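Visitor: The structure follows.
The values are calculated or read from the model by the stated rules, or taken from the named source; none is laboratory data. Please read all numbers here as calculations on a predicted model, not as lab measurements. Here Cβ is always computed from backbone atoms with ideal geometry, including for glycine, and neighbour counts include all displayed protein chains.
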């Protein structure tokens, strides 16, 4: 069976939101006046994921003799046990990385506040060292943002690949059992109207969850 490209939609919206937030954090702040350190870069807040797709409605009778059907991949990703587990893993990583970035940003801001409040109290050597520490902390924060984005994307790719690998056989077996020629992904097919009985999303979720329970633990 040809791999369904749209199968890699698990938490796509949340991933894009995370990547966008990290990317915004890497933008350079406006240039500060001579002798004044630039303000700390605001940490990228991880935007919450979009609400999960509602579970498919109870299936209508499958039309007798039908040779085509469709499924809603996003509904499968949002409501299947595998999809929920993948989302939880990704959310956990995003929260962890966001906490690390916030901590680094707070430390940077504390140094900047110290420099601003120091006034004439700091001698030239102390002021120079603090300015160097601030520059280094700024660079470290930017690198941390880039690393966080990379880690989130790498985990996303891994989870999407695992999800797709496990789901494909379920869909293919359902196609065989129903005697179908083809199963469409409704969100990518261009179809604007179809008999509700052709929607096999609930059956896919049911079979997928059953297979997940019986699959050997790695």
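Visitor: Regarding the range 152-164, can at least one residue be identified that is more than 20 Å from residue 79 (Cβ to Cβ), touching a helix residue (DSSP H, G or I) at 6+ places or on another chain (Cβ under 9 Å) and buried (at least 16 other Cβ atoms within 10 Å of the Cβ)?
Guide: Yes, that holds for at least one residue.
Visitor: Here are some residues: 89, 97, 109. Which one is surrounded by fewer than 21 Cβ atoms within 10 Å (Cβ to Cβ), part of a helix (DSSP H, G or I), touching a helix residue (DSSP H, G or I) at 6+ places or on another chain (Cβ under 8 Å) and in contact (Cβ under 8 Å) with a residue 12 or more places away in the chain?
Guide: Going through 89, 97, 109 in turn, the sole match is 89.
Visitor: To continue, here is another question. Could you please find all residues in the range 59-74 being surrounded by 15 or more Cβ atoms within 10 Å (Cβ to Cβ) and part of a loop (DSSP other than H, G, I, E, B)?
Guide: The answer is 59, 62, 72.
Visitor: Return only the number of the condition from (1) at pLDDT below 65; (2) part of a loop (DSSP other than H, G, I, E, B) that residue 24 does not satisfy.
Guide: Tallying (1) at pLDDT below 65; (2) part of a loop (DSSP other than H, G, I, E, B), residue 24 fails exactly one: (2).
Visitor: Is it true that residue 139 is more than 30 Å from residue 192 (Cα to Cα), assigned to a helix (DSSP H, G or I) and under 14 Å from the mean Cα position of the chain (by Cα)?
Guide: In short, no.
Visitor: List pairs: first residue in the range 120-133 and on the phi > 0 side of the Ramachandran plot and touching a residue at least 40 places away in the same chain (Cβ under 8 Å), second residue surrounded by 10 or more Cβ atoms within 10 Å (Cβ to Cβ) and outside any helix (DSSP H, G or I) anywhere in the structure, Cβ distance under 7 angstrom, at least six positions apart or on different chains.
Guide: Listed by first residue and then by second, the contacts come to nothing, as the list is empty.
Visitor: For the range 170-218, what are the residues that are out of contact with any strand residue (DSSP E or B) (no Cβ under 8 Å at 6 or more places or on another chain), more than 22 Å from residue 82 (Cα to Cα) and not in a loop (DSSP other than H, G, I, E, B)? Let's see the steps before the verdict.
Guide: At the first step, the residues of the range 170-218 found to be out of contact with any strand residue (DSSP E or B) (no Cβ under 8 Å at 6 or more places or on another chain) are 170, 172-173, 176-177, 179, 187-188, 190, 192-193, 195-197, 202-203, 205-218.
Cutting the leftovers down to more than 22 Å from residue 82 (Cα to Cα) gives us 176-177, 179, 190, 192-193, 195-197.
176, 177, 196, 197, listed by residue number.
Visitor: Quick one: would you say residue 139 is modelled with pLDDT of 90 or more, exposed (fewer than 11 other Cβ atoms within 10 Å of the Cβ) and under 30 Å from residue 153 (Cβ atoms)?
Guide: yes
Visitor: Go through the range 165-194 and report how many residues are farther than 17 Å from residue 69 by Cβ and loosely packed, with under 15 Cβ neighbours inside 10 Å.
Guide: 1
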